[in-house]
Amino acid sequence: MSFHIFIDNAPLYLMYKKLITILTVLIVWNCYSQDPNPDLFQTWHLYSFVDLEGITQVVHDVPLEVDPEFVIGSMTDIIPFTGIICEEYGGHFRYSSSDDTLLLEIFDICLCGNCIDPDPLVVDFEFSYYDVFFNFTASHFDYEIVTNQPTGFQHLLLYPSPGITISYYNVEPFLGVNETLLDNRISLYPNPATDQLFITADIGAFENCTMYTASGQKVMEVFICENSVTVSGLTKGLYFLEFTSSEGKTIKRFIKK
């Protein structure tokens with residue numbers, strides 16, 4: 001004997017059918033939706049960008065008077081940001097959870113910085129940077145955050161368009177010679193360096209020295225630390241030198257120009 005159950009109330013049947021459809025959509029949406037990387041929401045420091053002509057512009061090549069910060073606000077669908085190079089600027093992204101991108105909805109500058117008679121190089125650098133944002137307003141920015149494993153420092157890359165990259169760090173990569181990170185006993189100079197990087201320290205106290213790229217890739221390792229390192233063969237960018245001793249590890253950063 002078999003039993004058959006019939007729903008003779010068509011409106012009720014249609015209601016259940018719609019409810020099942022809605023639940024299915026919600027389940028699928030929940031499976032594929034995501035939140036932005038929480039590490040995005042912090043203070044970043046501009047290092048370089050590719051301008052609209054395809055030319056890479058680097059912070060340490062221009063005589064900036066302030067730290068070019070880029071501060072990304074709280075984690076919501078609307079992601080506000082502020083920044084400064086010479087003048088101040090701001091705007092907001094809208095986060096797209098379907099493809100994990102940042103839709104630039106608003107970008108504007110404020111002539112309210114502390115710039116007084118800025119160097120022409122600074123003016124050109126600043127407006128080339130702004131042009132990238134103005135040109136790609138209403139565009140989706142891909143983004144990537146790379147953590148340097150030896151140091152824990154992070155590198156933010158924004159990709160508004162193929163061939164265009166904006167590069168930030170959560171440390172100030174362009175600071176000068178006297179800047180120290182973990183240990184005042186070590187100085188690197190000149191910083192930025194072109195051919196030779198000199199090290200002022202009690203080198204004999206260190207067991208080995210290891211150099212990393214900003215993304216954490218090991219470039220070289222020596223077990224007898226010397227007073228200078230040849231860097232002429234390195235590509236331009238930010239690097240870290242890790243000194244290891246019986247007391248622990250000390251990390252310094254420098255720029256290859």
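Would you mind finding the one in 79, 106 that is assigned by TED's automatic domain parsing to the domain that holds residue 45, free of Cβ contacts under 8 Å to residues at least 40 places away in the same chain, assigned to a strand (DSSP E or B) and over 30 Å from residue 250 (Cα atoms)?
Working: 79 fails: free of Cβ contacts under 8 Å to residues at least 40 places away in the same chain.
Going through 79, 106 in turn, just one is assigned by TED's automatic domain parsing to the domain that holds residue 45, free of Cβ contacts under 8 Å to residues at least 40 places away in the same chain, assigned to a strand (DSSP E or B) and over 30 Å from residue 250 (Cα atoms): 106.
Return a yes/no flag: does the stretch 123-142 have any residue that is in contact with a helix residue (DSSP H, G or I) (Cβ under 7 Å, 6 or more places away or on another chain), assigned to a strand (DSSP E or B) and assigned by TED's automatic domain parsing to the domain that holds residue 54. Checked the stretch 123-142: no residue is in contact with a helix residue (DSSP H, G or I) (Cβ under 7 Å, 6 or more places away or on another chain), assigned to a strand (DSSP E or B) and assigned by TED's automatic domain parsing to the domain that holds residue 54. With respect to (1) within 26 Å of residue 170 (Cβ to Cβ); (2) in contact with an Asp or Glu (Cβ under 9 Å, 6 or more places away or on another chain), the lone exception for residue 213 is condition (2). Among the residues making up the stretch 37-57, those that are in a strand (DSSP E or B) and closer than 19 Å to residue 89 by Cα are 43, 44, 45, 46, 47, 48, 49, 50, 57. Give me the residue from the stretch 201-217 that is at pLDDT 80 or above and surrounded by 12 or more Cβ atoms within 10 Å (Cβ to Cβ) and, out of that set, farthest from the chain's Cα centre (by Cα). If we take residues in the stretch 201-217 being at pLDDT 80 or above and surrounded by 12 or more Cβ atoms within 10 Å (Cβ to Cβ), then 208 is farthest from the chain's Cα centre (by Cα). For the stretch 132-155, filtered to residues that are β-branched (Val, Ile, Thr) and within 12 Å of the chain's Cα centre (by Cα), the residue that is farthest from residue 57 (Cα to Cα) is 147.
Condition check ((1) among the hydrophobic types (A, V, I, L, M, F, W, C); (2) surrounded by 13 or more Cβ atoms within 10 Å (Cβ to Cβ); (3) over 27 Å from residue 39 (Cα atoms)) across all residues:
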| residue | (1), (2), (3) |
| --- | --- |
| 98 | no, no, no |
| 112 | yes, no, yes |
| 117 | no, no, yes |
| 127 | yes, yes, yes |
| 132 | yes, yes, no |
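If you filter the stretch 75-94 down to residues that are in contact with a helix residue (DSSP H, G or I) (Cβ under 9 Å, 6 or more places away or on another chain) and within 16 Å of residue 138 (Cβ to Cβ), you find that the one that is surrounded by the fewest Cβ atoms within 10 Å (Cβ to Cβ) is 91.
The values are calculated or read from the model by the stated rules, or taken from the named source; none is laboratory data. Just so we're clear, the structure is a prediction, and the values are computed from it rather than from any experiment. Reconstructed Cβ throughout: ideal geometry from the backbone, glycine too, with neighbour counts over all protein chains shown.
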